[in-house]
1. So, in the range B:177-207, how many residues would count as being surrounded by fewer than 22 Cβ atoms within 10 Å (Cβ to Cβ) and out of contact with any Asp or Glu (no Cβ under 6 Å at 6 or more places or on another chain)?
2. Anything in the range B:34-75 that is among the polar types (S, T, N, Q) and either over 23 Å from B:HIS94 (Cα atoms) or in a helix (DSSP H, G or I) (or both)? List them, or say none.
3. Do we find a residue being over 26 Å from A:SER128 (Cα atoms) and either at pLDDT below 90 or away from chain A (no Cβ under 14 Å) (or both) anywhere in the range C:68-75?
4. Identify all residues within the range A:172-202 that are without any contact (Cβ under 8 Å) to a residue 40 or more places away in the chain and touching a Phe, Trp or Tyr at 6+ places or on another chain (Cβ under 9 Å); write none if there are none.
5. Which one of the conditions (1) surrounded by fewer than 15 Cβ atoms within 10 Å (Cβ to Cβ); (2) within 24 Å of B:LEU42 (Cα to Cα) does B:SER161 fail to meet, given that it meets all the rest?
6. Which one is nearest to the other protein chains (Cβ to nearest Cβ) among residues in the range A:234-251 that are out of contact with any Asp or Glu (no Cβ under 8 Å at 6 or more places or on another chain) and hydrophobic (A, V, I, L, M, F, W, C)?
7. Quick check on my filter: what residues within the range C:53-67 are within 14 Å of chain B (Cβ to nearest Cβ), of a type in the set (A, V, I, L, M, F, W, C) and in a helix (DSSP H, G or I)?
8. When you scan the range C:83-91, do you find a residue that is within 20 Å of C:PRO150 (Cα to Cα) and within 14 Å of chain A (Cβ to nearest Cβ), even just one?
Amino acid sequence: MAPMRIRPGATVTAAVCAGVLLATSACGGGGGSGSDTIVIGYSGPLSGGAAAYGKNIQDGLQLAIDELNNQGVTVDGEQYRVELRSLDDQYAPDAAATNAQRLAEQDDAAVVFIPHAGGIQAAQELNSSRTEFLLGAYSSDPKIVEQGNELTMMIPPSFESYAEPFVDKLTRNGESRLGLLGTASEYGQEWTKLVTQEWKSRGGQVLSDNSIDYGTVSDFAGPVSRTLAENPDVIFLGGPSQPTAVIIEEARRQGYEGSFLLMDQAKFEEMEEFTDPKNLNDAIGVKPVRNYDDPGTEDLLDAYAEKVTKKRPVTSEVALNYQSAAIVVAAMEQAGSIDDPTAIREAIPDAIGEVGEQFHVSGFPTEITDAGHLRNQDLEAAYRTPDGEYEYLPIEQPDE
Amino acid sequence: MTLFIQQLFDGLALGGVYCLAAIGLTLIFGVLRIPNLAHGTLYMLGAYVTYFFLVTVGVPYVAAIGLAAVVLAVIGVLLERVVFHPLRNAPHTHHMIAAVGAMFFFQAVAQAIWGADFRRMDSPISGSVTILGAQISWQRIVIVVTAVIVLGLLTWFIKRSIHGQTIEAIEQDRTGSSLVGISPSRVSMLTFGLAAALATVAAGLVAPINLLAPTMGDALSLKVFAIIILGGLGSLPGAIVGGFTLALAEVMTSTYVSAAAGEGIAFAVIVLVLAIRPTGLFARAVQR
Amino acid sequence: MTTSTFSPQRLGTLLVALALLLAPLTLGGQEYVLRVLTVGATYAIAVYGMNLILGLTGQLSLAHGGFFGIGVYIVGLLTTDYDWAFWPSLLVAVVVTALGGFVSGVVALRTREEYFAIFTMAMGFIIFLVISRWESVTHAHSGVSGVKFPEGFGLLDFSEPIVMYYLVLLFLLGAAYVTHAVRRSGIGRTLVAIRTSEDLARSIGINVGLNKQLAFAASTTFAGLAGGLFAAVQGFVGPSAASIDLTFEMLMFILVGGLGTVLGPVVGTFIVLFLFEFFQDFEAYRFLVLGPIIVALVIFAPRGIVGYLNAFVGKLRSRGTGAGTGSGGPPEHRSSDTATDVKETL
């Protein structure tokens, strides 16, 4: 059908194919940073439904890095500037893994932070076999350290440590009926399961599961009235703070007077901005960051208000990542290496004690377990009394 | 029983919102034969622009919704001119991807302006009333009443006014309409403007009982498709019946079956209806 | 049709194939790019499936991401929870998606055009809901980690990314070849006849229902195969692998590349994926740029890059010696300028 010699059109076709190749090599060639820079990688949801969450973590890391640069970072006798390199993964595990690899290879990031369990597990498939990087894992799901990945640093407390003291506190007056109204995310489901077990183990009655996807449901009144129809004494709920606050408000409006058991994703300080704080009385959850009196807390609150926003409070997402970025850099200083993830990981136990006081903001870790979990032995939960005061209660952390 | 009454009213309020959003979508489909996947993002933008007028500028609630509807009508017309008009002869695959592109863009715009965090918009209508033992908030009653009024006005507009009649004429016979001097291009713009304004009214009404976020329209987008399939693509009364039916089905399924089933019901409806009647319930003769 | 061995189209195909074959060698240890290429190649296989049903029969299936997800989860779950080997798992994924497509096609294909698109969108969403909520089987949002690499039987080590890449590439070439072969075959012509006019096709004795069902089953099979490979490439699978967004991404790949063409899916997939990666520098704002680019591509290059090039080649040729205008001329000549014409040779 076609003539036997090459036509000019072929060059165009060829050009496109060459384009593919070029794009490939362009991507391959870019990146890398100056020799006097330490790149910390971050892959999180910067757009899409979880973008606010991703932004909080990014802010925490960036604030720590700014502070570190202020003080000066010296590794093995050389001065370095620290730089945060962020990529968007929209909460998708495969995108997070691709991003982590890109950060490790092209930007020479020895540490990559990822704030969601799916992305963390996908990245663990990589850093255990292929590209080496230390994974700063911000997820309170304990399974991320159960798999024995040697280059993982789990940042927040495991959510398993909360269930027991929370249930303990809220069953003191013989409460026996637990309503379930958590968010239908991965995390919410795990929490629901855990709380259910804990509640049943004390002979309590767990009512029907009314979990809903906080992000997509357009009217919370229905699920709330379904839950209340079974007359619960305690309601378990929680997801992102803002919808959680709206649900609590709706429950109070419909006349609910019992207590709330909040999963750790919801933060008192954020919810107070979204609903009349009175609605939050008689609830147990994580301790607000501003109520810590660690040496660096005030400074972080000020820095956040000045550099990020005055409209939102500092949450533990900001604070815990602020601390852990400092730990990682201190570990580099201890290890005398900015590019050996294994050495950096091994230096963390020593580095924890070396981090400057200004980075102690919300229960600074006192140890890292062999499995890679940063832990603070004095972890506390917060109970907001019926009078709106906060009481703190100690939390035992399970052995790992 | 109280629970049932409660859910009934919640379902009706939700139905009002669904109707307003679905009518725009069905009008666009009827006139331009475009499955406008970006409809949910127009709804989202409508909510944010209402928020802007109400909270940032400080105008009264009703005026804020009105102003936002005007702004969104303009955005709707622009969307038609810039994106869908050039594609008027393209197959629906191209419309869908163009709509997805527009969706990405609008969400990014909302995030750039208002941030990714949730926003709350309080309406001046507070308090609730007890009906047969159930607590019904005034906002929900306002939603239902407003929806009914807007739907009435819309029906009048389309049946009685000159501009509105051109929409129906185009829906019924595109070639014939152009022969009698109706400009399909003008009608397309009118339809898009109207649809965006209606979505804004829906968003402005529901925002106080929910939260604003750049992704708030995503879930709605898919559900309104279920509604217009149920009601027959392009059919106005169908969208109204479909909106209330689906909302009630959703609420009742979540109440009496499970929350997950409630979330899936919209899609089960699409599959079931189309499996039985491949052109939707109440389908009208489809012109090509 | 003469038996020419050298046409611009062939040259193009050869170049794309060469580019894909040689690409890893130019990377110099940049495994990240290799990963993007490998993931892109698995997507491209699924996109070929979409090309079969959309390009040849004109029906847009939005359940494609769902079937991809079924493939992902069958391989993901069988190789972990049930400790199967990879290859039999992949076979199950392929068989299940093939049967699933064939059976669901009975109902789905009763609908047409927009209705088919919306019907399959709902189907895709239901698949996603089942995968993301059926905790006891799929582990819902927790996902599955530790998916096995394919067994190399001592000959090949598929845990080496480059070996995995060539494996996926092999399947990709297979997918492209099947597309090419189907278009040439009687089935391809039958499908085109159906796309042009179902009634006419029926009147000349074509079993319209069965043929469309076969095309649909073929497309879901490609999706299932691609999904199975994707699971092994990633090692971890989560529900986002079955989401509706993925379907729209694939649709974007195919439209950018060129609908109904043999090279379109692969060219489109890689170009869009690299655009996505490239615009990562904009972080949260990348869709401010990407959104308009997508719209512009659809408006200004409705036939996709490959479609556009084909038309261009055709035009040049007819302006030249006129040698190509023999028996019917190159097929792109027959197509008018409307975007609905998606039949191209390349």
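1. 10
2. Those that are among the polar types (S, T, N, Q) and either over 23 Å from B:HIS94 (Cα atoms) or in a helix (DSSP H, G or I) (or both): B:THR41, B:THR50, B:THR56.
3. Yes, the range C:68-75 contains at least one residue that is over 26 Å from A:SER128 (Cα atoms) and either at pLDDT below 90 or away from chain A (no Cβ under 14 Å) (or both).
4. Across the range A:172-202, the qualifying residues are A:ALA184, A:LEU194, A:THR196, A:GLU198, A:TRP199.
5. If we test B:SER161 against (1) surrounded by fewer than 15 Cβ atoms within 10 Å (Cβ to Cβ); (2) within 24 Å of B:LEU42 (Cα to Cα), just (2) comes out false.
6. A:VAL246
7. Selection gives C:ILE53, C:LEU54, C:LEU56.
8. Taking every residue of the range C:83-91 in turn, none turns out to be within 20 Å of C:PRO150 (Cα to Cα) and within 14 Å of chain A (Cβ to nearest Cβ).
The values are calculated or read from the model by the stated rules, or taken from the named source; none is laboratory data. This structure is a prediction, so every number in the text was calculated from the model and none was measured. All Cβ positions, even for glycine, are placed from backbone atoms using ideal geometry, and neighbour counts span all protein chains on display.
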